[in-house]
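Structure, as structure tokens:
Readers should treat all values here as calculations from the given coordinates under stated rules, not as data from a laboratory. For clarity, every value in this text was computed on a predicted model and none was experimentally measured. No Cβ is skipped: glycine too gets one built from the backbone with ideal geometry, and neighbour counts run over all protein chains shown.
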């Protein structure tokens, strides 16, 4: 499912126009993104948790060369599904 399909699904399920659904979906994603950039954890009950993980600087050497690359420190977004969502998958696909 891509973003357009998500907007269509939200539109049908909520009985609103696609424009209203797009604004809602964009607002949710933007709110999650801003919270992660502030270093907050976003927890959606029954679904999962989003957070930003700190990855320190590292040195990498590709196997095909002898050149050492320094990878700068960075934050990367992470997601962990809650048990309720995991159980749903076990029931539907298990």
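Descriptive notes on the structure:
- Distance in nm between pseudo-label sites at residue 38 and residue 86 (7 Å out along the Cβ direction from Cα): 2.9
- Percentage relative contact order, the chain, counting C-alpha pairs under 8 Å, at least six apart: 20
- Shape of the range 41-94, Cα gyration tensor, a/c cut at 1.5: oblate
- Every helix of 4 or more DSSP H residues in the chain counts as -39500 (n - 2.57), and over all residues that averages to -15000 deg cm²/dmol at 222 nm.
- Projecting label points 7 angstrom from Cα along Cα→Cβ for residue 29 and residue 74 puts them 2.0 nm apart.
- Recomputing log10 I(q)/I(0) by the Debye sum over Cα atoms at q = 0.10, 0.20, 0.21, 0.22 Å⁻¹ from the coordinates shown identifies the correct label among [x] -0.26, -1.01, -1.11, -1.21; [y] -0.47, -1.06, -1.09, -1.12; [z] -0.63, -1.01, -1.05, -1.09 as [y].
- Extension gain from residue 53 to residue 2, taking 0.36 nm per residue of separation minus the Cα-Cα distance: 15.8 nm
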